[in-house]
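First, the structure itself, so that you have it in front of you.
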Amino acid sequence: MRDDNRRIGIMGGSFDPIHNGHLAAAEAARRNFGLDSVLFIPAGKAPHKNDGAVTRAARRFEMTALAVAGNLYFEASSIEIERPGVSYTADTLDEIKWRHGKKTKLFFIAGADAVAEMFTWKSPERVFKACSVIAAARPGVAGETLDRQIAAARERYGARIFMLETPPLAISSTDIRRRIQIERPVRYFLPEIVEQYINQRRLYRDDRYDMEAAERRVSSKLSDKRWRHTMGVIDDSVRLAEIYGINRRKAYITAVFHDCAKELSSEEKLRRCDELGIQLDNITRSQPDLAHGPLSAEIARTEFNVDDPEILNAIRFHTTGCEQMSLLDKILLTADCTEPNRNHAGIEEIRKTALINLDKATALCLRMKIAYTESKRQMVHPLSLKALKEMEGMEEMGDKI
Ligand SMILES: [Fe+2]
Ligand SMILES: [Fe+2]
């Protein structure tokens, strides 16, 4: 039965995944604006985003349905997901009006940042005519900017825009995806049942590399001693990845492969480098052990299909360091020095430093490497000196803070 005077809230979004910020804003809008219900509509094929995977859309809908199931006034709608082609909000609003009756009042609940985007949508005049807008404040969106945008929408389209007076929750789907990818907890960011759904299907995780297979293949190439060292580097790298907030899997894979060419003889290292077209400078040619960095990276790429440039870069330069070292570069170089099987003078200090100041720890490791090379009366690789200089600059900056 149709009730022509209903007030329906429309909560649109990718919901990838839906989280407590969405739910809290919808509930506040429902109460503050006397809405009879709120429809949660996961976006179909969005005109602005290249996100067309059907399974992905179905999953976003399922998560949304699970999240709203506990609230009598909430409902998930697959209206956009089921519609073929690109989804436009103007069409969605028309369809809802058609289903619920012309006199139904629609309230589009949008984050304050989305209000500005609404100008860029197809047929903004149709959107603003079909619904009122409830703008929920978002952390980081300045009040004045928003006021200006709202005034412009009112003037240009006769838009009816109301502010939702409720404290915004600083939760975002992007942040949740990033946290899950690096295996950080997301408890209380989203409903428990959605978290379970994500965990059961291992959504948002980076499962590209089969870590067990990688370990098996690399360990079969190395002596027991070198493999024990590698396992130590894995442990330390993963611990540092957790501390400095980068993907633990990436750190893991980087450590597994970092020394895979280490035990080839000097001649073999140079021969393989030439074969694989790896350009070596004269210092590396005269100290072939240095070549195991670039060679291990190339073997990881060609024999094990590791294609992540960050991983390959960290392996390539773990012996010398390089300019503009990434977090992963620093983590591998440091873990390579501090892993539990290492036992040289000053190691405890570096281990402790690594937990609180990665730049300082990287600088200490580079100094140690340089001192060792000099003690053997060998030429220090210029990349090591450049890397140390940069790290020392960053150490100073860190000290000032
Ligand atoms: Fe190495
Ligand atoms: Fe190593």
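Over all distinct Cα pairs, what is the inverse of the mean 1/r for the chain, reported as the Kirkwood hydrodynamic radius in Å?
24.8
Separate question: In whole Å, how far is the Cα centre of region 249-265 from that of region 132-200?
Cα centroid of region 249-265 versus Cα centroid of region 132-200: 42 Å apart.
Report, to the nearest 10°, how far helix 358-375 tilts away from the longest principal axis of the Cα atoms in the chain, using its own Cα long axis and a range of 0 to 90°.
It works out to around 20 degrees.
Still on this model: First select every other residue whose beta carbon is under 15 angstrom from the beta carbon of Phe128; then total the charges, Lys and Arg +1, Asp and Glu -1.
Surrounding charge for Phe128 is +3.
Moving on. Return a whole-number percent for the relative contact order of region 180-322, with Cα pairs under 8 Å and 6 or more residues apart as the contact set.
Once normalised by length, the contact order is 21 percent.
Right, another one. List the residues, sorted by chain then number, that are 5 or more residues from Leu190 or on another chain and whose placed amide H is less than 5 Å from its amide H.
Residues meeting the criterion, in which the H sits 1.01 Å from N, are Asn20.
I want the local charge near Glu267. Using Cβ-Cβ distances under 15 Å, sum +1 for each Lys or Arg and -1 for each Asp or Glu among the other residues. Walk me through the intermediate numbers first.
Details: positive: Lys262, Lys269, Arg271, Arg272, Arg285; negative: Glu263, Glu268, Asp274, Glu275, Asp289.
Its environment carries a net charge of 0.
Using amide H atoms built in the peptide plane, which far-off residues or other-chain residues are under 5 Å from Ile161 H to H?
Residues meeting the amide H criterion: Val133.
Here is a further query. Going by average Cβ density within 10 Å per residue, which order do the peptides 326-335, 257-266 take, highest to lowest?
With the highest mean Cβ count within 10 Å placed first, the list reads 326-335, 257-266.
Another question, if that's okay. List the residues whose amide H sits under 5 Å from the amide H of Ala76, counting only those 5 or more places along or on another chain, with H placed 1.01 Å from N in the peptide plane.
Counting only residues 5 or more places away or on other chains, the set is Phe40.
Given the peptides 342-351, 280-289, arrange them by the average over their residues of other C-beta atoms within 10 Å, most packed first. Before the final figure, lay out each step's value.
On the way: 342-351: 12.7, 280-289: 14.7.
Highest mean packing first, the order is 280-289, 342-351.
Mind ranking 313-321, 293-301, 375-383 by how tightly packed they are, going by the mean number of other C-beta atoms within 10 angstrom, highest first?
Packing proxy ranking, top to bottom: 313-321, 293-301, 375-383.
Could you check the spin-label model distance between Ala58 and Ile193? Points 7 Å from the Cα along Cα→Cβ, value in nm.
2.0
Could you go through region 223-233 in sequence order and give the Karplus-derived ³J(HN,Hα) for each residue, using 6.51 cos²θ - 1.76 cosθ + 1.60 with θ = phi - 60°, rounded to whole Hz, and x for Gly and Pro?
Ordered by residue, 3J(HN,Hα) equals 5, 4, 5, 5, 5, 4, 4, 4, 5, x, 5 Hz.
To continue, here is another question. Lone cysteines in the chain, going by a 4.7 Å Cβ-Cβ cut-off?
Cys131, Cys260, Cys273, Cys322
What lysines does Lys262 reach when the alpha-carbon gap must be under 30 Å and sequence neighbours fewer than 8 apart in one chain are set aside?
Cross-link targets: Lys221, Lys225, Lys250, Lys330, Lys352, Lys360, Lys369, Lys376, Lys386, Lys389.
Related question: Among DSSP beta bridges lying fully in region 7-201, give the percent that are antiparallel, nearest 5.
If I count the DSSP bridges inside region 7-201, around 0 percent turn out antiparallel.
Quick note: the coordinates plus some simple rules give every number you see, no bench work behind them. Predicted, not measured: the structure shown is a model, and the values here were computed from it. FYI the Cβ positions are ideal-geometry reconstructions off the backbone, even for glycines, and counts take in every protein chain you see.
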